[in-house]
1. Quick one: length gained pulling B:Asp128 to B:Arg193 fully straight, 0.36 nm per residue minus the C-alpha distance?
2. Looking at the range A:117-211, which trypsin sites (Lys or Arg not before Pro) are in a loop (DSSP not H, G, I, E or B) and have at most 12 other Cβ atoms within 10 Å?
3. Order B:His76, A:His133 by their accessible area, 1.4 angstrom probe, all chains in place, largest first.
4. Under the definition of partner shielding as Cβ atoms of other protein chains within 10 Å of a residue Cβ, what is the mean value for peptide B:53-61?
5. Which log10 I(q)/I(0) values does chain B give at q = 0.08, 0.13, 0.18 Å⁻¹ under the Debye formula, counting every alpha carbon as one identical point scatterer?
6. So what is the relative contact order for chain B, in percent, with contacts set as C-alpha pairs under 8 Å and at least six apart?
7. With only alpha-carbon pairs counted, each pair once and no self-pairs, how large is the Kirkwood hydrodynamic radius of the range A:87-199 in angstroms?
8. If the viscosity is 0.890 mPa s and the temperature 25 °C, what translational diffusion coefficient in µm²/s does Stokes-Einstein give for the range A:11-81 when Rh comes from Kirkwood over Cα pairs?
Protein chains: 2
Amino acid sequence: MSELEAKVLPEATVARLTQYLRALNALESRGMERTSSGVLAKEAGVNPAILRKDLSWLGSYGTRGVGYVVRELSEHINNTLGLNRDWRVLILGAGNLGRALSGYAGFTTRGFKVRAILDVSPDLVGTDVGNLHVESRSDLAEVVRREEINIAVLAVPGDAAQDLIYELGELGVNSVLSFAPKPLVVPRGMNLRRVDLSTELQILAYLAVQP
Amino acid sequence: MSELEAKVLPEATVARLTQYLRALNALESRGMERTSSGVLAKEAGVNPAILRKDLSWLGSYGTRGVGYVVRELSEHINNTLGLNRDWRVLILGAGNLGRALSGYAGFTTRGFKVRAILDVSPDLVGTDVGNLHVESRSDLAEVVRREEINIAVLAVPGDAAQDLIYELGELGVNSVLSFAPKPLVVPRGMNLRRVDLSTELQILAYLAVQP
DNA sequence: GTATGTGAAATCATTCACAGCT
DNA sequence: AGCTGTGAATGATTTCACATAC
């Protein structure tokens, strides 16, 4: 009711904004200074109408009859998504997936910094992963404080994930990306995104079976 | 128009069916033989009404006033999703992510078998990954034929992904799971799913910034 | 003339609520 | 009495189409 109430973008829009950002970067690195909804939509792999609708949530940043200034639009989306600050990421689980993620380029660009990696296994604690060394799961609280962690990535077996979620919640980390193959219940106020690799394969199997 | 036309499940339904399958397995391993939409929905983390609606696409497999037989329902979803056959998976890219995926449990259960892993780098070709050894990108066609690959997983840099898609299409592999941070255009008839790790982090950043 | 920004229409997905069967 | 299966209601998302601004 209040005019002051937060204007929240639809989730689908947020997901696409990240794609526009990537597309804008690609255009910029090709030396383009201006673009249009048609060009940008093609680059991002979406339809131009929805791109304009998405951008309209952010206000009017284009010029009718002309288009958009690449740098300006890119900057604006960046700010809207909160990518103009530092995000300090903790990876939980130093198995193959955890180690792969800690070095993954997308995880180390645009304000995201992997600051620590933890594991329960004494065999892994103390080993090196990139320029980090694996710390003990039991030091979770200390590590979160020391590194001022604000995003956690769960690369642990399903059984371990739920306990970690609660513990992270208590420690004030309320953005979590989980690779655990389990639905998880989250404390109030926590943001959870799940990536479920085996589900993706199963969906592909279904699609392949379709006539 | 025709009554013979394939009845296609909504994409969102397919995604949830994989979760029900996992939930049913969990119940079965706890010794439960029967269940209800309420119990199953709780276990899968969804609302009971949509669970029943999803299942209604498969026909009537429950008993009113009673519920579902765990084993029977599980079997039926399995068949619907095409998980009762063998899926032979090829991993493209033997970097950290490719190696992690090749050993990932979800990738090696329920009919999915990782049969080969390829890379362009001469440093990696010939090295071992689990019980496979890395073969050369240039042997793609031969490997696809030899191993009768029907699903490919792209764990390669964005620039390499598009060419691979076309080449896989020509070779008759038309189910692809891509981790490349790029929108890809697919040949007619190909099924592509994308997992975009940096997008997930960016969405979390936005959610964390919200009041 | 050209491309944006946006109501209105169309499509897709979820939730409600209850009739129907056991 | 209890739980499924499903139309009808609601809500979300996408597409259309055009008035508006340059």
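1. Additional length available on full extension: 20.7 nm.
2. Sites meeting the loop and neighbour criteria: A:Arg188.
3. A:His133, B:His76
4. 0
5. The computed values of log10 I(q)/I(0) come out as -0.37, -0.89, -1.23.
6. The value is 13 percent.
7. Here the Kirkwood hydrodynamic radius works out to 13.8 Å.
8. Reported coefficient: 209 µm²/s.
The values are calculated or read from the model by the stated rules, or taken from the named source; none is laboratory data. Predicted, not measured: the structure shown is a model, and the values here were computed from it. Cβ atoms come from the backbone with ideal geometry, glycine included; neighbour counts cover every protein chain shown. Keep in mind that these areas ignore ligands, DNA and RNA; they rest on the heavy atoms of the full protein, side chains included. Shrake-Rupley method; radii C 1.70, N 1.55, O 1.52, S 1.80 Å.
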